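What follows is one structure encoded as C-alpha cells, with my remarks underneath.
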Amino acid sequence: MADSIESEFPPHQPDAPASGVGARLRTAREAQGLSLKDIAARTRITARHVEALETGDYDSLPGRPYALGFARSYAKAVGLDEAAIAEAVRAELSARTPAPETRVIHQFEAGDPAKTPSRLVSWLAGLLVVSVLGLGLVFWRSYYWPSADLPALVGPEEPKPAAPRQRPSRRRPPLRRGPTARWCSPRRKTASG
C-alpha cells in the first residue's frame, strides 16, 4: 500500500528546482531585490515557512489553510494576484493529496447467522419489555386507582331556596321638606292646595 502511494506521488525533494507557485513567488521576490528575511518581515511569516513555500515543501507547513494564507500574504507582499496564487496552491495541494480509499459498508444480511441476535438476547429483550409494562401497570394502579375509593372532599351542592319576592313599598317620598312636610299623591287632591 505504501509502495503504491509512493509510486503515484514521489516524495518531495527540497533541493530540486521548484516549479509552479514557488518559482513564481521566488521570481517576483528576486525581481524586487528582496531577501527571504525581508519577505518574512513584511508578511510576518517565519523565514523557514517562506522558504518552504518557495521550494513547494507544503508538508513542512502547519496545514492546508496555513499554506493558502501564507501564499496569499507572500503574493500580496511581492505584488502578485492573491487569488490566482491561492488557486494555484490549492491545485498543487490537491494533486499531492492521495485519493481517499473507498469505504466499504457492511450491511446487515438477514441470513447471516453471525449478525443475527442469539436466542438469549431475544429472550432478555422480551423479558425487559414485559417487566417495563408490568412496572407501568403497578405505577398506574398505585397512582391513579386509589382515587376511585376515596370519599369526595366536597359534598353535593344543594340548591338554596329562593327568597320571597318583596313588593316595593307604595309610600312616596315627600316633595317638600320643612316644618310642614306634605305627602303628595297624584291620585288624591287636597282641599288646601
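What number goes with the only condition from (1) under 38 Å from the mean Cα position of the chain (by Cα); (2) modelled with pLDDT under 90 that PHE9 does not pass?
Answer for PHE9: the failing condition is (1).
Residue under question is GLU87, and the condition is that it be at pLDDT 70 or above, among the charged types (D, E, K, R) and under 40 Å from the mean Cα position of the chain (by Cα); does it hold?
Taking the combined requirement at face value, the residue satisfies it.
Any residue in region 18-37 that's within 20 Å of ALA86 (Cβ to Cβ): show its pairings with residues that are among the polar types (S, T, N, Q) and open to solvent by less than 60 Å² (accessible area, probe 1.4 Å) at Cβ separation under 7 Å, as long as the two are six or more apart or on different chains.
Partner pairs satisfying both residue conditions: ALA18/THR55; GLY22/THR55.
Which of the following residues is part of a helix (DSSP H, G or I), touching a helix residue (DSSP H, G or I) at 6+ places or on another chain (Cβ under 9 Å), open to solvent by 80 Å² or more (accessible area, probe 1.4 Å) and among the charged types (D, E, K, R): ARG48, ARG29?
Every option except ARG48 fails the conditions.
Mind listing just one residue for me: the one in region 51-65 that is assigned to a helix (DSSP H, G or I) and closer than 14 Å to ALA86 by Cα and, of those, nearest to the chain's Cα centre (by Cα)?
Applying the filter and picking the extreme gives PRO65.
What pairs come out if I take residues in region 89-105 that are closer than 21 Å to ALA75 by Cα and pair them with residues that are of a type in the set (A, V, I, L, M, F, W, C) and open to solvent by 100 Å² or more (accessible area, probe 1.4 Å) whose C-beta lies under 6 Å away, six or more apart or interchain?
Within 6 Å, no pair qualifies.
The values are calculated or read from the model by the stated rules, or taken from the named source; none is laboratory data. Given the structure is predicted, the values throughout are model-derived calculations rather than measurements. For neighbour counting, all protein chains shown are included, and Cβ atoms are generated from backbone atoms with ideal geometry for every residue, glycine included. The accessibility values were calculated without ligands, DNA or RNA, using every heavy atom of the protein model including side chains. Shrake-Rupley method; radii C 1.70, N 1.55, O 1.52, S 1.80 Å.
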